[in-house]
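Take a look at the structure set out below.
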Amino acid sequence: MTSKPIISITDLNKTFPGSNKDLEVIAVKDVTVDIYQGEVVVVIGPSGAGKSTLLRCLNGLEDFDSGSIIIDNIPLNHHHKNRLEIRKEVGMVFQSFNLFPHMTVRENISLAVRRVRKKSLAECETITVDLLEKVGITDKIDSYPSQLSGGQQQRVAIARSLAMNPKVMLFDEATSALDPVMISEVLDVMKNLAKDGMTMVVVTHEMGFAREAGSRILFMDNGEIVEDRKVEDFFLDPNEDRSKAFLSKVI
Amino acid sequence: MIMIFVRKTTIIDSIKYLLFLGVIITIITLSSANMNYNWQWYRVPGYIISRSADGALIPGRLLTGLALTVKISVISLVLAFFIGMITALFRLSSSFTAKLVARIYLELIRNTPLLIQLFVIYFVISPVFNINPFISAVLALSLFEGAYASEIIRGGITAIPKGQWESAYSLGLNTIDTYRFIVLPQTLKQVLPPLTGQAVSLIKDSALVSTIAIFDLTMAGQSIISETFLTFEIWFTVALIYLVMTVSISAFVHRLEKRSRYDQ
């Protein structure tokens with residue numbers, strides 16, 4: 001671990017406004033956490049705990065009310081330029097894949113490399129082919145997303161994010177929309193990424209993945225981080241009643 | 001189309017269809033007999049295409065009018081599309097001024113009659129800026145249809161799933177690139193059918209420009225009738241020409257749509 005965190009979150013608060021005070025939803029409450037290079041941080045907790053919201057705050061898809069987020073020494077604030085800069089360095093994989101349906105796999109992967117990283121066509125092609133090999137679907141380069149299975153689509157989505165050569169990858173329930181066989185294909189890709197030293201923040205319900213590939217667990221409930229522990233410690237000996245209750249349900 | 005229709009249907013359906021045709025023909029013959037109308041269809045082709053003194057084929061007045069109608073419609077169509085696109089983007093932008101401008105434009109256009117807009121542009125605005133009737137006509141039509149096109153395009157843009165924006169943004173694409181590569185290509189595919197409907201409206205509405213001294217198809221028909229009193233023949237012919245134009249546009253776009261379809 002390096003001494004300086006790659007993601008630094010301080011006193012983060014986020015409330016979704018309701019039509020009146022009672023309907024307000026506190027999604028993220030006083031979250032302070034540092035994430036270091038090479039860590040695989042697995043965020044778990046009951047649904048509605050604010051895991052996805054926290055993740056979506058990290059690349060500015062969601063605005064936060066107070067606190068600060070600093071990624072790779074760039075503060076995520078109202079400056080549009082900073083936001084774009086951070087998004088270049090932070091990849092995100094969604095539950096619903098969100099591939100671009102009107103583009104082939106090749107175009108999906110190379111678009112941002114070409115437009116944002118300003119790479120040449122030849123470089124884009126090399127990157128695309130390499131990454132498709134990495135996620136194991138080289139033969140689908142000219143297919144459209146609708147011609148792929150869910151697991152293949154998600155692997156293309158991972159390749160698309162990796163093509164930007166990000167410093168951090170965010171996974172927002174990346175396997176929740178898949179059937180068991182496809183879940184394992186996607187998890188394998190994620191485990192390999194972890195092995196290669198990618199810094200990852202993973203919101204998931206896959207406890208197997210957390211144990212095997214995770215280095216740290218953030219257990220969230222009601223918007224707060226209840227426990228922030230090393231993976232082995234958390235599963236062997238959870239400190240809090242809420243984490244114990246949660247673990248007894250999911251394992 | 002009729003051929004296919006007859007071939008594919010049962011005998012009973014064919015009989016129903018022939019009965020329907022018979023009724024229509026009877027009504028037309030009876031009513032024209034009652035009016036003692038003297039049909040002179042043989043005079044119509046000369047107004048579509050005729051021969052000059054040295055025997056060369058020259059376009060008749062209807063065809064010349066049609067050419068102008070097509071010219072006005074095509075230019076207005078292109079302009080209306082861009083006006084519609086820009087207005088839609090203005091309405092969806094976060095800028096208060098852009099939203100306000102788009103809103104005022106839309107309310108003005110959609111809540112006043114096209115004929116009045118045409119007159120305002122022709123009689124009030126065009127003398128001030130010294131623009132000719134043709135440009136006034138194009139301006140009025142494209143501003144009018146652009147307002148409706150913008151609502152169609154806006155609807156198409158807002159129908160693009162939020163996830164498309166989010167994945168584009170999370171890849172670091174800026175708003176312009178997201179529109180250009182992700183949102184608009186998908187939107188245009190979705191809004192092509194309703195936009196075609198709007199194009200058909202534009203062609204039909206273009207008949208109104210005959211009121212500002214433009215010799216379009218409608219005006220040509222009117223002037224021929226005032227000289228020859230071939231009221232029925234000419235109006236039927238003019239209507240048929242409009243029909244052929246609009247139906248072929250719909251058919252063309254339908255084919256285009258089929259060819260460029262990707263499965264979602």
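The values are calculated or read from the model by the stated rules, or taken from the named source; none is laboratory data. Remember, predicted model here, so these are calculated numbers, not experimental data. FYI the Cβ positions are ideal-geometry reconstructions off the backbone, even for glycines, and counts take in every protein chain you see.
Structure summary
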{"quantity": "Within segment A:100-114, considering residues that are among the charged types (D, E, K, R) and more than 14 Å from B:S167 (Cβ to Cβ), the one farthest from the other protein chains (Cβ to nearest Cβ)", "calculated": "A:R106"}
{"quantity": "Among (1) of a type in the set (D, E, K, R); (2) facing chain B (nearest Cβ under 10 Å); (3) in contact with a Lys or Arg (Cβ under 9 Å, 6 or more places away or on another chain) - the single one A:R83 does not satisfy", "calculated": "(3)"}
{"quantity": "Strands (runs of 3 or more DSSP E) lying entirely in segment A:15-81 (those with 2 or more residues that are buried (at least 23 other Cβ atoms within 10 Å of the Cβ))", "calculated": "A:25-35, A:40-44"}
{"quantity": "Top-ranked residue in segment A:129-166 [being within 14 Å of chain B (Cβ to nearest Cβ) and of a type in the set (V, I, T); ranked as surrounded by the fewest Cβ atoms within 10 Å (Cβ to Cβ)]", "calculated": "A:I158"}
{"quantity": "In segment B:161-183, the residues that are crowded, with 18+ Cβ neighbours inside 10 Å and of a type in the set (A, V, I, L, M, F, W, C)", "calculated": "B:W165, B:A168, B:L171, B:L173, B:F181, B:I182, B:V183"}
{"quantity": "Every residue from segment B:217-235 that is of a type outside the set (D, E, K, R), loosely packed, with under 14 Cβ neighbours inside 10 Å and part of a helix (DSSP H, G or I)", "calculated": "B:S226, B:T231"}
{"quantity": "Single condition A:A122 does not satisfy, out of (1) within 14 Å of chain B (Cβ to nearest Cβ); (2) free of Cβ contacts under 8 Å to residues at least 60 places away in the same chain; (3) of a type in the set (A, V, I, L, M)", "calculated": "(1)"}
{"quantity": "Members of segment A:184-205 that are over 14 Å from the mean Cα position of the chain (by Cα) and over 21 Å from A:V90 (Cβ atoms)", "calculated": "A:S184, A:E185, A:D188"}
{"quantity": "Counted residues, segment B:210-248 - those being touching a residue at least 12 places away in the same chain (Cβ under 8 Å) and under 17 Å from B:N38 (Cα atoms)", "calculated": "8"}
{"quantity": "Sole exception among (1) at pLDDT below 95; (2) aliphatic (A, V, I, L, M); (3) more than 30 Å from B:R43 (Cα to Cα) for B:L171, by number", "calculated": "(1)"}
{"quantity": "1 or more residues under 21 Å from B:S210 (Cα atoms): qualifying helices (runs of 4 or more DSSP H) within segment B:105-178", "calculated": "B:114-119, B:126-129, B:133-158"}
{"quantity": "Flag for A:D172 being under 16 Å from A:V43 (Cβ atoms) and within 14 Å of another protein chain (Cβ to nearest Cβ)", "calculated": "yes"}
{"quantity": "Considering residues of segment B:164-184 that are over 16 Å from A:K88 (Cβ atoms) and of a type in the set (F, W, Y) only, the residue nearest to the other protein chains (Cβ to nearest Cβ)", "calculated": "B:F181"}
